[in-house]
1. Find how much the distance from residue 238 to residue 103 grows on full extension, using 0.36 nm per residue of separation minus their present alpha carbon separation; answer in nm with one decimal.
2. Over the chain, what is the relative contact order in whole percent, taking alpha-carbon pairs under 8 Å and six or more residues apart?
3. Using modelled amide H (1.01 Å from N, peptide plane; none on Pro or chain starts), what sits under 5 Å from the amide H of residue 221, excluding residues fewer than 5 places away?
4. Order of 43-50, 98-105 by packing, highest average Cβ count within 10 Å first?
5. For the stretch 1-70, with every protein chain kept in place, what is the accessible area per residue (1.4 Å probe, Å²)?
6. Determine which residues of the stretch 192-232 fall in the zone a paramagnetic label at residue 30 would reach in this model, i.e. backbone nitrogen under 14 Å from the point 7 Å along Cα→Cβ.
7. Report the relative contact order of the stretch 56-182, percent, no decimals, based on alpha-carbon pairs under 8 angstrom and at least 6 residues apart.
8. With a 1.4 Å probe and all protein chains kept in place, how much accessible area does residue 37 have, in Å² rounded to the nearest 10?
Amino acid sequence: MQNHKNELLKVEHLQFGYDRDKVLFSDLNLCINRGERIAVMGENGGGKSTFFLILNGVLAHQGGHIFFQGKEVGKKDYNALRRHVGIVFQEADNQIIASSVVSEISFGPMNLKLPREEVEQRVDRALQYMNLQEYKNRPPHYLSGGEKKRVSIADIVAMESEMILMDEPTSSLDPKNIAMLEAVLARMTEEGKTLLISTHDVDFAYRWAERILVFTKGQMIADGKPTEIFSDSKLLERAGLKAPIMYEVYDMMVKAGKAAEGKYPRTPQELQEIL
């Protein structure tokens with residue numbers, strides 16, 4: 001997992017606190033490689049959202065070191081970090097500021113001082129990417145929750161960020177929009193994007209992620225493959241998580257002697273192949 005040639009972002013001995021009484025991170029160490037699919041999980045207030053805001057440069061770390069592409073990120077480098085690390089907030093209304101979908105999506109690329117022609121190309125691509133062409137002239141605040149989420153993701157697509165952080169993207173989405181989101185994530189993975197998704201949805205995390213980080217009370221208490229994380233009952237209890245349905249079903253089959261122990265299926269298709 002720790003391949004230095006593929007290393008995109010590294011955190012060493014990170015420290016951050018909102019005040020003396022609320023220190024979230026005292027010694028956080030982490031390496032993220034290019035193209036990884038990482039789910040970030042844990043209880044509310046455990047530090048997941050703060051962790052994202054630090055990685056994106058919205059919040060300044062108070063101790064330790066952050067390296068992006070091998071270069072240490074200092075106070076003067078936060079704007080550059082934001083260009084490379086995009087964030088999609090949990091509440092789309094907290095991100096959307098413009099009066100139309102097309103002006104909203106063009107806001108980021110225009111701030112990069114890109115030529116108008118390139119801005120237009122990026123906006124067109126983002127509209128197609130998120131299937132938003134028919135909404136491009138509409139005011140975003142009149143769209144549905146799922147449509148607003150698509151606009152907020154299109155914002156980041158237009159920025160062409162190398163690393164994308166999504167804070168609870170499946171919250172408030174119906175099954176159709178969750179399927180749409182997963183299709184978009186699959187496309188981003190094919191394009192080599194590095195994805196970190198904060199989620200409480202254990203079933204989504206289990207089938208989508210190749211690596212899971214678990215936070216509680218400002219500490220990262222686990223970093224491993226989905227099967228490693230969800231097989232640890234003490235860890236799940238400590239973090240306020242439960243095992244995914246697919247994992248529980250197969251585990252019951254193994255214990256009943258009806259399935260072989262080994263590679264646990266993560267999707268219905270994988271389970272069908274085993275059976």
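1. 44.2 nm
2. After rounding, I find 22 percent.
3. Residues meeting the amide H criterion: 214, 215, 216.
4. Details: 43-50: 18.2, 98-105: 20.2.
Ranking the peptides 43-50, 98-105 by packing returns 98-105, 43-50.
5. Working: 3300 Å² over 70 residues.
Value for the stretch 1-70: 47 Å² per residue.
6. Taking a point 7 Å out along Cα→Cβ of residue 30, the residues of the stretch 192-232 whose backbone N falls under 14 Å are 195-199, 211-224.
7. On the way: 151 pairs, mean separation 41.5, N = 127.
With pairs under 8 Å counted, the relative contact order is 33 percent.
8. 60 Å²
The values are calculated or read from the model by the stated rules, or taken from the named source; none is laboratory data. Not measured: the values here are computed from a predicted model. Glycine also receives a Cβ, built like all others from the backbone with ideal geometry; neighbour counts cover every protein chain displayed. Each accessible area value is taken on the protein alone, full model and side chains, heavy atoms only, with ligands, DNA and RNA left out. Shrake-Rupley method; radii C 1.70, N 1.55, O 1.52, S 1.80 Å.
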